[in-house]
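The values are calculated or read from the model by the stated rules, or taken from the named source; none is laboratory data. Because the structure is a prediction, the values reported are computed rather than measured. Counting neighbours? That spans all protein chains shown, and the Cβs are built from the backbone with ideal geometry, glycine included. Please note that ligands, DNA and RNA were not included when accessible areas were found on the heavy atoms of the full protein model with its side chains. Shrake-Rupley method; radii C 1.70, N 1.55, O 1.52, S 1.80 Å.
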Amino acid sequence: MKKIFTFVLLFFFLSSSLVHLRVNLDEYFEKCRNAATKLQKELESTLNFAISEGGPVSGIEVCSYMAPEIAKKISIEENLTIYRVSLKTRNKDNNPDKWEEKVLKLFEQWKNEGKDIQHLEAYNIENNNLRYMKAIVAQKRCLTCHGQINEIPGEVKETIQRLYPEDEATGYKEGDIRGAFSLKIPLER
């Protein structure tokens, strides 16, 4: 009888821990989604303002100088790490690690299977951290700088070459997966 009681008590303890962990994971997922949305909105707002004031070349400068600062600010505010990654980078600081590369390829596969690309996300738990990614979809306005190379205006091409001599981030069409927001947040126990 004592063994059965111990087993039931242990099962209850483990089940309670798993339920608690699951609730916590939901909270972490929501925090990641909110941070990714926050970064996306701040980047879009800053980029749209720069383009309206100074044209597409000003937009390139926002992506080059201000985007990393905005991501850093949100990382501090939200107590996590957030940045952008892509399979075709413009800024080499945005190269994916192995897991991020796998997820970006998986996003491409899901896109080809007809999944809703506006809501592609993935996660992994690694070294007591939740890793989360959300796809960035190329919008029409992105193509001025990231579209087919022969359709990018001359002044924009020159600025890209000056700031990013090893640029690979062209050739996109509207609706392509441009990259992803990648986040890491420590799990507390």
| message | Give all pairs with beta carbons closer than 8 Å in which a residue from the range 140-165 that is closer than 13 Å to Gly59 by Cβ and touching a residue at least 24 places away in the same chain (Cβ under 8 Å) meets a residue that is open to solvent by 40 Å² or more (accessible area, probe 1.4 Å) and hydroxyl-bearing (Ser, Thr, Tyr); count only pairs at least 6 apart in sequence or on separate chains. | response | Pro153/Thr144; Val156/Thr144
| note | Filter the range 74-87 for residues that are in a loop (DSSP other than H, G, I, E, B) and modelled with pLDDT of 95 or more; the one that is most open to solvent (accessible area, probe 1.4 Å) is Leu87
| Give me the pairs: first residue in the range 41-62 and more than 22 Å from Glu158 (Cβ to Cβ), second residue part of a helix (DSSP H, G or I), beta-carbon distance under 7 Å, and six or more apart or on different chains, which are they? | Glu42/Ile70; Leu43/Ala67; Leu43/Ile70; Thr46/Val62; Thr46/Met66; Thr46/Ile70
| task | State yes or no: is Tyr65 in a helix (DSSP H, G or I), under 23 Å from Tyr172 (Cα atoms) and aromatic (Phe, Trp, Tyr)? | result | yes
| said: Just to be sure before I move on: is Lys134 touching a strand residue (DSSP E or B) at 6+ places or on another chain (Cβ under 6 Å) and either among the hydroxyl-bearing types (Ser, Thr, Tyr) or farther than 25 Å from Lys157 by Cβ (or both) in the structure I sent? | reply: yes
